[in-house]
Amino acid sequence: MDQFTLNLIFVGASFALYFGIAIWARAGSTAEFYAAGGAVHPVLNGMATGADWMSAASFISMAGLISFGGYDTSAYLMGWTGGYVLLAMLLAPYLRKFGKFTVPEFIGDRFYSPSARMVAVVCLIIASVTYVIGQMTGVGVAFSRFLNVSNATGLYIGAGVVFFYAVLGGMKGITYTQVAQYVVLILAYTIPAVFISLQLTGQFLPPIGLFSDHTASGLPLLQKLNDIIQELGFASYTQQHDTTLNMFLFTMSLMIGTAGLPHVIVRFFTVPKVADARSSAGWALVFIALLYTVAPAVGAMGRLNLTTTMWPNGTAGEAVSLEDIANKPQLQWMQNWEKTGLLKFEDKNGDGKIQYYNDKSKDEAFNAAAAAKGWTGNELTVNNDIMVLANPEIANLPGWVIALVAAGGLAAALSTAAGLLLAISSAISHDLIKGQLNPQISEKNELMAARISMSVAIAVATYLGLNPPGFAAQTVALAFGLAASSIFPALMMGIFSKRINNKGAVAGMLSGLLVTIVYIFLHKGWFFIPDTNSFTDANPLLLSIKSTSFGAVGALINFAVAYFVSNATKAPPAHIQELVESIRIPKGAGAATGH
C-alpha cells in the first residue's frame, strides 16, 4: 500500500472518530456549550486538558525549534511546564470555586465593573487570536504534506474540519473529542521517538537515549551531534548563546502566560467540584509530561538524522547528490516536502551535490575552507515546523508510523484550535453580548451568537495563518506574552489581593497589554504586516529583550500600575473584599452560576 493511501486511512479514521464524538456529544444548552455541563470526570478532563495544552506548537513546532536552536530553546520546555504548575497551584481551584463560565466574567464580578469585564474580553480575544494563528499554521503544515497539497490548501481544509466539530459540539463535544485526540497524538509522538532512539542508541526510552552513546560512532549522542554541526559552521548544540536576561524573561513570560491563557483555565470549569479541579490538574500534568520528556530527544535525534542524511559519508566526504535524491527511495521525503514549499534545495554551484551548512558563520577559517571546496552558499532550507512530521521519513520508519504521525500532528493542532475558538466565542457571546449589549437574550439566541462568533474567528485565524509572524511555536510565544501582560496579573490580584479595585485592574490590564503589543508590532510588523517593523529580534529595541520575551516586562508594568492606581483611589467595597476572602477558603463550591 502506498504512503498516500496509508495517510488517508489513518487521518480519515481519526477524523471519523472526532466527528462521531462531536455529533454524540452535541451541546444542547449554553452550560454544555461553555463548560460541558460541569460534569466531566477529572481523569478525562486531565486528558482533554493535555490535548488542549499540547498544541501544534508543542507537537509540531517545539521539537523543530529544539532541533535547530539547541540549549537556548529549552526555555520553551521550562516555561510551558512551569507555567502549568503555576496555573494548577495558584489559579485553577480558586477560579473553579468562583463558579463562573469565563475568565472575563470572573474579572467583571471581582472588580465590580462592566468596564473591567470588557477590557478582559479584549485582552482574551487578542491573545487567543494570536495563539490560534500558530495552530492554523500547524494545521496547514500537516495537511499540506500528507494530502500532497499546498500549504494554503491544507490550511483551508483544516479550517473546515475545525468548523464542523467545534461549532457543532461546543465545550461538551470538544472535551470528549480532545480525549480521543490526546490518545492519538501521544501515540503518534512517542512511537516514532522509540523507533529512532533504538536505531541511534539501542535505548528503548528516548529520554535515556538522548544521554546515551551513539551506536554507530561510539560517542555520546549529544557529542556526536555537536561535532557534526560544528564541522558545518553551526553553533554548538549544548551551549547557551542567548543572553541570560532574555532567556530568563522568556521563560517567565511563557510561565505566567500559561497561567493566564483562558482556553486552559476554562477547562477547570468543566468538572463538578473544586477537588476535581485540583485532581484533573494533576492528571493533566502527568499526561503533558509524557510528551514533554520526549521532546528534547525528538529534537536532537531529528537534527542528527537530517545532518547525516545530507552528509552520508561525514563532513569530510561528499554531500548527498541530486541523483540520489531523485532515485533513492529513502530520500523520497525530500521531494515530498519540497512540494509543500516548506523544504527547498538548490544546486547553487552546479556540482550535482546539495551542500547543507551554515553560510552565515562568523568563523573566518570555516568560511575560507568552504570557499576552497567550491561551496557558494547553503543549498538546503528547512522550515522548523516540518521536523517532527518529517522525522519518521528521514529515519526510514515504516509507512504506518508516518501515517500515525500525520494523524497525531493534526490532532494536536485541531484540539487546541478548537479550545481557543471556544474561548473567543464565549467571550463574545457570553461576556459581550449577554453581559453588556443584550442581557435579556434567550439561551437559544446566545448559543447561536456563540456559534456565529466562532465561525468568524475561524475565518480570521485562517486568513492570518496564511502569513504568520513566525514559526508556530514563535507565534504561540507571542500569544503567551500578551496573556502574561494582561490577564495573568488581573487574575492573581483578583484572587490574592483585597486592595486592588476596579480602576487599578482596568488601568493595569490596558497598560500591560498596550505596551506589550506595541513592542511586538515594532519587532514583528504592525498587525503582523510584513516589512512594517522597526526592529528585529536579532537587534531588539530594549537591551537584549526579544518580542517573545517582553510579556514578563508587560506583566510587571501591569502589576505596578494596578497597585499605584488602586492605592490612590477608593478601596473596593466590603462585599468584594469578603468575596475575595471566600474564594481563598478551600472548601465548598457550587455549580456554575452564569445564569
Would you mind finding the one in L290, L198, L205, L285 that is in contact with a Phe, Trp or Tyr (Cβ under 8 Å, 6 or more places away or on another chain), of a type outside the set (F, W, Y) and within 24 Å of M78 (Cα to Cα)?
L285
Inspect all residues belonging to the range 317-328 and state whether any of them is over 15 Å from I354 (Cα atoms), open to solvent by less than 30 Å² (accessible area, probe 1.4 Å) and either in contact with a His (Cβ under 6 Å, 6 or more places away or on another chain) or among the small types (G, A, S) (or both).
no
Out of G70, G138, G173, I need the residue that is at pLDDT below 85, touching a Phe, Trp or Tyr at 6+ places or on another chain (Cβ under 7 Å) and part of a helix (DSSP H, G or I). Which one?
G173
Unique residue being over 16 Å from A116 (Cβ atoms), over 25 Å from the mean Cα position of the chain (by Cα) and either at pLDDT below 95 or surrounded by 24 or more Cβ atoms within 10 Å (Cβ to Cβ) (or both) when the list is I585, I576:
I585
Selection from the range 123-144 of residues that are of a type outside the set (S, T, Y) and open to solvent by 10 Å² or more (accessible area, probe 1.4 Å)
I125, I126, V129
Would you mind stating whether Y182 is over 19 Å from A63 (Cα atoms), among the aromatic types (F, W, Y) and modelled with pLDDT of 80 or more?
no
Name every residue in the range 484-535 that is within 25 Å of the chain's Cα centre (by Cα) and among the aromatic types (F, W, Y), in order of residue number.
F488, Y519, F521, W526, F527, F528, F535
Just checking, does the range 507-520 include any residue being open to solvent by 70 Å² or more (accessible area, probe 1.4 Å), out of contact with any strand residue (DSSP E or B) (no Cβ under 9 Å at 6 or more places or on another chain) and of a type outside the set (A, V, I, L, M, F, W, C)?
no
F527 vs. criteria in contact (Cβ under 8 Å) with a residue 12 or more places away in the chain and of a type in the set (F, W, Y):
no
When the residues of the range 19-55 are filtered to those that are in a helix (DSSP H, G or I), under 17 Å from F163 (Cα atoms) and of a type in the set (A, V, I, L, M), which remaining residue is modelled with the highest pLDDT?
I21
Number of the condition not met by T381 [criteria: (1) open to solvent by 30 Å² or more (accessible area, probe 1.4 Å); (2) on the phi > 0 side of the Ramachandran plot]:
(2)
Report yes if some residue within the range 397-415 is part of a loop (DSSP other than H, G, I, E, B), in contact with a helix residue (DSSP H, G or I) (Cβ under 7 Å, 6 or more places away or on another chain) and in contact (Cβ under 8 Å) with a residue 60 or more places away in the chain; otherwise report no.
yes
I'm trying to understand the selection: among the residues of the range 529-558, which are among the aromatic types (F, W, Y) and crowded, with 18+ Cβ neighbours inside 10 Å?
F550
Top-ranked residue in the range 223-235 [being in contact with a His (Cβ under 9 Å, 6 or more places away or on another chain) and part of a helix (DSSP H, G or I); ranked as surrounded by the fewest Cβ atoms within 10 Å (Cβ to Cβ)]:
Q223
If we keep only residues of the range 80-122 that are polar (S, T, N, Q) and within 21 Å of I500 (Cα to Cα), then the residue most open to solvent (accessible area, probe 1.4 Å) is S115
Being modelled with pLDDT under 95, in contact with a helix residue (DSSP H, G or I) (Cβ under 8 Å, 6 or more places away or on another chain) and within 29 Å of G134 (Cα to Cα) narrows A591, A484 down to just A484
Go through the range 194-218 and report how many residues are surrounded by 15 or more Cβ atoms within 10 Å (Cβ to Cβ), in contact with a strand residue (DSSP E or B) (Cβ under 8 Å, 6 or more places away or on another chain) and either hydrophobic (A, V, I, L, M, F, W, C) or in a helix (DSSP H, G or I) (or both).
1
Can you name the number of the only condition in (1) part of a helix (DSSP H, G or I); (2) in contact (Cβ under 8 Å) with a residue 24 or more places away in the chain that V456 fails?
(2)
The range 491-514 residues that are outside any helix (DSSP H, G or I), paired with ones that are buried (at least 24 other Cβ atoms within 10 Å of the Cβ) and of a type in the set (F, W, Y) (beta carbon under 9 Å, 6 or more apart)
I500/F111; N501/F111
Unique residue being out of contact with any Pro (no Cβ under 8 Å at 6 or more places or on another chain), open to solvent by 20 Å² or more (accessible area, probe 1.4 Å) and either within 30 Å of L90 (Cα to Cα) or among the hydrophobic types (A, V, I, L, M, F, W, C) (or both) when the list is A289, A295, A259, A300:
A289
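The values are calculated or read from the model by the stated rules, or taken from the named source; none is laboratory data. All figures in this text were calculated on a predicted structure; none of them were measured in a lab. Cβ: placed from backbone, ideal geometry, glycine included. Neighbour counts: every protein chain shown. Remember, those area values only see protein heavy atoms, side chains included, never the ligands or the DNA or RNA. Shrake-Rupley method; radii C 1.70, N 1.55, O 1.52, S 1.80 Å.
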